[in-house]
Amino acid sequence: MSDHSIFAPLLPSDHLPHKSNGDDQEHAPEPHVILTVEDDGVQHQLSNGDHLGTHISEVDDNPYAFLGANRFDMPGSTTVDPFRNNTPRVEGVYEWLKIVVCLPITLVRLVLFGLALMIGYVATRTALLGWKDRSSPMPKWRSRLMWVTRMSARTILFSFGYQWIRRKGKPAPREIAPIVVSNHVSYIDPIFFFYELFPTIVASESHDSMPFVGTIIRAMQVIYVNRFSPTSRKHAINEIKRKASCDQFPRVLLFPEGTTTNGRSIISFQLGAFIPGYPIQPVIVRYPHVHFDQSWGNVSLAMLMFRMFTQFHNFMEVEYLPVITPHENRKESAVRLSQRTGHAVASALNVVQTSHSYGDVLLLAKALEANQENPSLYLVEMAGVEAEFHLSSLEAVDFLDVFLSMNPDSRGQVEIHHFLKVLRLKPSTLSEKIFGFIDVQKSGKITFKQFLVGSAHILKQPLFHQACESAFTACDGDGKNYIMEKEFGDSLMLSIPGLSNNEIRGLFTLFDIDRDGKMSKDDFIGCLRRYPLLIALFSPCVLQQICP
């Protein structure tokens, strides 16, 4: 076999098809297919010896290919809303009649509630008086005084209509299971556990300033945490480990869901209870009901308390499950331990565990604040999104703020003209490609989850930040570290020809965050982080920087 160079043609010239006349037709070679590829990669021509041509147009619909971003797959979703209270309003003749009958009882319960709260508060203040070393275990005499507060807590439960509470199983000794975890349905849960176990709890820093509550949780030697601060979360985990390892402290109680649900499912578990690697006893609480759902959900605290006071009796069941011990023969990760615990809790409750998290609560609150007809449409199972795209809950709320400005319909969907209006884009081929990139179902409308996942997919591309830097450098042609409107418009013309001055000004205003008439690098990159889909506008600039 002869040697071939990469520069040599695949077909020698004497084998190429050529025009033939009648005399040499019988000696003409078999026709070969010739593929002609135009430089722009769009037009292709196929021809053969018989001059039969076919033209194929292949339009690249991915405006983010220059980032290396492929089409994304939407994570699976569920229609379950784990936060919805199923009886947010009083409905039915029976319920109204019961409220009227219970009104005299309610007055007595309110007096009992107030007395119990006052006595418990005074006892707690007395127990805390003069105690300054809060990092050490509470002295025994102070703990004994807290029994008064614990009995006051049981009286409060009684006033709310929990005359008896059904229990199944028993708490494991503290030396066997120093950490207890429970599903979280109502504000009643921590009151019960305060009475039953008097544990150390993990609570948000904001609870410390709440009247009465702040004082009582300080007596429980609370571990404060700011869920949005990595430093605070790390400190809380160290405190959980320190207090769980010392028998002088009470056992540690955590609600790993991080928020309340309606009890019909459980949501993803945070890992704080599982990172220390100690044995854990799961506990489940149920609130059986027919007419009144006692879960917190989308009901105000005042309404929930009123409904509890006006019931003859509120049912509550508590079940202590077998202790879950980390595997000793191999190091078990916190994720695996949380999965085993979640499975045990879900199985005992006979419910599913979803990928929702506290981030979904923030999204739900944002949708409620915007008076959306069906706020549940904006739940995205944030734990799954965060794990796949490393997107924080606060970033997701910012994206929801942008999406809600697009005027979604009653089904939570946005059409292209509203999408383009908010992003200050004129209808064009590129604009349609940007919309089509996140319209994965090709329905002509997008949901918030599609918008969120699509934006996060672009934002978290390894080349995204570099592309932003390159785009700014390309727009800032003279290197003065800011971009004027004229320079900005010239750059945009490369991707969307024919932009009017008003259209350029609209986009410039979007990017000029501090409204000083010139766009700094912080303005430029800050806008692209808020609207990462707009990086497609600068693909020609980025490519020019890479391949001048």
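Let me spell out the model: positive unit charges on the Cβ of Lys and Arg, negative unit charges on the Cβ of Asp and Glu, origin at the Cα centre of the range 359-434. What dipole size does that give, in debye rounded to 20?
440 debye
Rounded to the nearest 0.05, what FRET efficiency do L129 and L301 give with R0 = 22 Å and r taken as the Cβ-Cβ distance? Could you check?
Efficiency, from the Cβ-Cβ distance: 0.15.
With every protein chain present, what is the per residue accessible area of the range 87-224 (1.4 Å probe, Å²)?
51 Å²
Mind checking the dipole of the range 93-224: about its Cα centre, +1 per Lys or Arg Cβ, -1 per Asp or Glu Cβ, Debye to the nearest 20?
Computed about the Cα centre, the dipole is about 460 debye.
Over the range 271-339, with every protein chain in place, what whole percent of the accessible area is carbon and sulfur at 1.4 Å, could you tell me?
The value for the range 271-339 is 60 percent carbon and sulfur by accessible area.
Counting helices only, and only those DSSP H runs with n ≥ 4, report the 222 nm mean residue ellipticity of the chain as the sum of -39,500 (n - 2.57) divided by its residues, in deg cm²/dmol to the nearest 500.
The helix-only estimate for the chain comes to -12500 deg cm²/dmol at 222 nm.
Excluding residues on the same chain fewer than 8 positions from K243, give the lysines whose Cα lies under 20 Å from its Cα.
Answer for K243, where 20 Å is the Cα cut-off: K132, K140, K234, listed by chain and number.
Could you give the dipole magnitude of the chain about its Cα centre, charging the beta-carbon of Lys and Arg +1 and that of Asp and Glu -1, in debye to the nearest 20?
With only Lys, Arg, Asp and Glu charged at Cβ, the dipole is about 5020 debye.
Excluding ligands, DNA and RNA, what is the solvent-accessible area per residue of the range 326-456 at a probe of 1.4 Å, expressed in Å²?
46 Å²
Mind checking which of A65, V148, S333 is farthest towards the positive end of the chain's charge dipole, using Cβ charges of +1 (Lys, Arg) and -1 (Asp, Glu) about the Cα centre?
Comparing the listed Cα positions along the dipole, V148 ranks first.
Which whole-number percent is the relative contact order of the range 94-177 (Cα, under 8 Å, 6+ apart)?
Computed over the range 94-177, the figure is 37 percent.
Which value in nm describes the separation of the simple spin-label points at V111 and V422, placed 7 Å from the Cα toward the beta carbon?
Label at V111, label at V422, 5.5 nm between them.
Tell me, what is the per residue accessible area of the range 463-548 in Å², probe radius 1.4 Å?
47 Å²
Expressed as a rounded percentage, what relative contact order does the chain have, with Cα pairs under 8 Å and six or more residues apart?
Reported as a whole number, the value is 14 percent.
Ranked by accessible surface with a 1.4 Å probe, highest first, in what order do K445, K140, K243 come?
The ordering from most to least exposed comes out as K140, K445, K243.
If you roll a 1.4 angstrom probe over the protein chains with everything in place, what fraction of the accessible area of the range 412-477 belongs to carbon and sulfur, to the nearest %?
Carbon plus sulfur share of accessible area: 52 percent.
I need the peptides 212-225, 337-350 ranked by packing, meaning the mean over residues of other C-beta atoms within 10 angstrom, with the highest value on top.
Highest mean packing first, the order is 212-225, 337-350.
Mind checking which lysines have their C-alpha under 22 Å from K433, skipping anything on the same chain fewer than 8 residues away?
Of all the lysines, those that pass the test against K433 - Cα under 22 Å, at least 8 places apart if same chain - are K421, K442, K445, K449, K460.
Towards the positive end of the charge dipole of the range 58-184, with charges on Cβ (+1 Lys, Arg; -1 Asp, Glu), say which of V90, N183, F160 has the farthest Cα.
Value: F160.
Please sort by residue number the chymotrypsin sites (Phe, Trp or Tyr not before Pro) in the range 122-171 whose DSSP state is loop and whose Cβ has at most 14 other Cβ atoms within 10 Å.
Taking the range 122-171 and a limit of 14 other Cβ atoms within 10 Å, the loop chymotrypsin sites (Phe, Trp or Tyr not before Pro) found are W131, W164.
Excluding residues fewer than 8 places away in the same chain, name every one of the lysines whose C-alpha is closer than 27 Å to that of K480.
By straight Cα distance, K480 reaches K518, K521.
The values are calculated or read from the model by the stated rules, or taken from the named source; none is laboratory data. Remember, it's a predicted structure, so these values are computed and weren't measured experimentally. Cβ sites come from the backbone with ideal geometry, for glycine too, and all protein chains shown count toward neighbours. For the accessible areas, the whole protein counts, side chains as well, though only heavy atoms, and no ligand, DNA or RNA atoms are used. Shrake-Rupley method; radii C 1.70, N 1.55, O 1.52, S 1.80 Å.
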